[in-house]
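Trainee: Right, I'll just put the structure down here and ask away after.
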Amino acid sequence: MSFNYYMPTRVKCGNGISKETGELIKELGISKVLIVTDRGVRSANLLDGIENSLLTSHVDYEIFDEVERNPSADTIRKGTKYFKQYNCHAVMAVGGGSAIDTAKAIAVMAVNPGDIIDYEGVEKIEVHPLPIVAIPTTAGTGSETTNSTVITNKETSFKFGVLSSYLFSDLAILDPALTLQLPQEITAATGMDALTHAIESYTSKAANPVSQGYAIQAIKLIVEHLPKAYFRGTDLVSREKMLVAAMLAGVAFSQSRLGNVHAISHTLGGVFNIPHGIANAALLPFVMNFNLPACAEQYKDIAIALGVDVSNLTKMEAAQKAIEVVINMNKSMNIPLNIKDLGVSLQALPKLVEDSMRSGNVLINPRLTKAADIGSIIENAFYGNLEINGIRREVSVY
């Protein structure tokens, strides 16, 4: 068995630890930082403790709060200009995956030539970015421990990935207190995003024992703690466990990459501006069903991690139970059971198929995938139908 494992990010986790941000980044030799965030995070006063910590530690800062859902190349250009204008030395993301992806891209473009679009693909960054600090306020993307950033080119409505060993954050600060104000729908979407990362990472053709260990542990944490975080809201222990689970899933897929869910969901985000987590959640059962013949053994492992008693089930029956659990989790948190309800139109199907096939995630999806397969997955997800053993079933009654 041959594989590589590399994850250089220092992770600090604990309730209230974001109030120590100033001390922690001063250890990195940072004297002026650009805080990259969105207006929602800012209006929720989630920056207050972080700003006070920076002031106490005599770390100067500026704030760029123009991050949008599915961040665009235009935003990266604007943020990079802002970074240079104020002569910052590092970036600090405070927010969800969009903020972290934006901060990573700004750190790249602050010292590299050209445009962020030029760096689509793998290991194309030549100059090491400036220091990156990531403070997630959602438990979903795991971007604080990944080697990638995903940006939308609005001119082509295409979400592209930039992957590089240079894109790991220098420091990730996990503070569950920052996630207590999350609305239920965001808790659900980001939590299912993390579950998608873990499941796709575990079954990826590029998976290895290290990535699979992280992924399966993330699955166990999510099935136990996402319902508590969703229904209780202020359960600090579950909020912390979800942050850890999202981080573990991020570590996992930074080693293994993902699969068809992400190939398609990035396309849906680019064309229809659908939030990434909710697109992943809605697509996951349909991609799992497509992949079932290729990875039933892994899905049995996942079913066990999801709490299914498989002792009296065949391997295929156990694997199908994993899909059922995912569907029931979506149902319980009011996540749409089809992508039509997300605003997808099949008039765009040719572009959706073409753009999905551009993704490198298709190549390491566990089941060999052709363009026609992507089209079928999208159509089934649109109508909310699964085909199991030759029988078509509506997801709502499955």
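The values are calculated or read from the model by the stated rules, or taken from the named source; none is laboratory data. As the structure is a computational prediction, the values presented were derived from the model and not from experiment. Cβ placement follows ideal geometry from the backbone for every residue including glycine, while neighbour counts extend to all protein chains displayed.
Listed here are the residues, each with its yes/no results for (1) of a type outside the set (Asp, Glu); (2) surrounded by 18 or more Cβ atoms within 10 Å (Cβ to Cβ).
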{"residue": "Glu200", "(1), (2)": "no, yes"}
{"residue": "Ala207", "(1), (2)": "yes, yes"}
{"residue": "Val210", "(1), (2)": "yes, no"}
{"residue": "Ile219", "(1), (2)": "yes, yes"}
{"residue": "Glu224", "(1), (2)": "no, no"}
{"residue": "Glu240", "(1), (2)": "no, yes"}
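Trainee: Scan (1) crowded, with 22+ Cβ neighbours inside 10 Å; (2) under 21 Å from the mean Cα position of the chain (by Cα) for the single condition Lys331 breaks and write down its number.
Mentor: (1)
Trainee: Also, quick follow-up: Residue by residue through region 131-151, note down the ones that are surrounded by fewer than 24 Cβ atoms within 10 Å (Cβ to Cβ) and farther than 9 Å from Ser169 by Cβ.
Mentor: Filtering region 131-151 down to residues surrounded by fewer than 24 Cβ atoms within 10 Å (Cβ to Cβ) leaves 131, 148.
Matches in region 131-151: Ser148 only.
Trainee: Scan region 302-314 and give yes if some residue there is surrounded by fewer than 20 Cβ atoms within 10 Å (Cβ to Cβ) and within 19 Å of the chain's Cα centre (by Cα), otherwise no.
Mentor: no
Trainee: With the checklist (1) at pLDDT 95 or above; (2) closer than 21 Å to Pro275 by Cα; (3) surrounded by fewer than 23 Cβ atoms within 10 Å (Cβ to Cβ) in hand, flag the one item Pro183 doesn't pass.
Mentor: (1)
Trainee: Among the residues of region 260-271, are any surrounded by fewer than 24 Cβ atoms within 10 Å (Cβ to Cβ) and out of contact with any strand residue (DSSP E or B) (no Cβ under 9 Å at 6 or more places or on another chain)?
Mentor: no
Listed here are the residues, each with its yes/no results for (1) within 21 Å of Lys12 (Cα to Cα); (2) in the same structural domain as Met242 (by TED's automatic domain parsing); (3) in contact with a helix residue (DSSP H, G or I) (Cβ under 9 Å, 6 or more places away or on another chain); (4) among the hydrophobic types (A, V, I, L, M, F, W, C).
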residue: Glu155; (1), (2), (3), (4): no, no, yes, no
residue: Thr196; (1), (2), (3), (4): no, yes, yes, no
residue: Ile199; (1), (2), (3), (4): no, yes, yes, yes
residue: His225; (1), (2), (3), (4): yes, yes, yes, no
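Trainee: Tell me, which residue of region 272-294 that is under 15 Å from the mean Cα position of the chain (by Cα) and in a loop (DSSP other than H, G, I, E, B) is surrounded by the most Cβ atoms within 10 Å (Cβ to Cβ)?
Mentor: So, considering only residues that are under 15 Å from the mean Cα position of the chain (by Cα) and in a loop (DSSP other than H, G, I, E, B), the one surrounded by the most Cβ atoms within 10 Å (Cβ to Cβ) is Pro275.
Trainee: When region 38-59 is examined, which residues are found to be part of a helix (DSSP H, G or I) and touching a Gly at 6+ places or on another chain (Cβ under 7 Å)?
Mentor: Of all residues in region 38-59, those part of a helix (DSSP H, G or I) come to 39-43, 48-56.
Those that are part of a helix (DSSP H, G or I) and touching a Gly at 6+ places or on another chain (Cβ under 7 Å): Val41, Ser53, Leu54, Thr56.
Trainee: If I ask for residues that are buried (at least 18 other Cβ atoms within 10 Å of the Cβ) and acidic (Asp, Glu), which ones from region 3-26 would you list?
Mentor: Glu20
Trainee: Filter region 14-28 down to the residues that are closer than 13 Å to Ala172 by Cα and outside any helix (DSSP H, G or I), then identify the one that is modelled with the highest pLDDT.
Mentor: In this case the residue turns out to be Gly14.
Trainee: Another question, if that's okay. Could you list all residues from region 225-237 that are of a type outside the set (Lys, Arg) and more than 19 Å from Gly277 (Cα to Cα)?
Mentor: Scanning region 225-237 gives Thr234, Asp235, Leu236, Val237.
Trainee: Among Ala246, Ala189, which is the only one that is of a type outside the set (Ser, Thr, Tyr), touching a Ser or Thr at 6+ places or on another chain (Cβ under 8 Å), in contact (Cβ under 8 Å) with a residue 40 or more places away in the chain and outside the structural domain of Thr138 (by TED's automatic domain parsing)?
Mentor: So the residue among Ala246, Ala189 that is of a type outside the set (Ser, Thr, Tyr), touching a Ser or Thr at 6+ places or on another chain (Cβ under 8 Å), in contact (Cβ under 8 Å) with a residue 40 or more places away in the chain and outside the structural domain of Thr138 (by TED's automatic domain parsing) is Ala246.
Trainee: Further question: May I ask you to verify whether Ser31 is in contact with a strand residue (DSSP E or B) (Cβ under 9 Å, 6 or more places away or on another chain) and modelled with pLDDT under 95?
Mentor: Taking the combined requirement at face value, the residue satisfies it.
Trainee: On the basis of being more than 15 Å from His276 (Cα to Cα), in a helix (DSSP H, G or I) and out of contact with any Pro (no Cβ under 8 Å at 6 or more places or on another chain), does Lys84 make the cut?
Mentor: Judged against the criteria, Lys84 is a match.
Trainee: Failed condition for Ile35, given (1) closer than 22 Å to Leu180 by Cβ; (2) in a loop (DSSP other than H, G, I, E, B); (3) not polar (S, T, N, Q), with all others met?
Mentor: So the condition that Ile35 fails would be (2).
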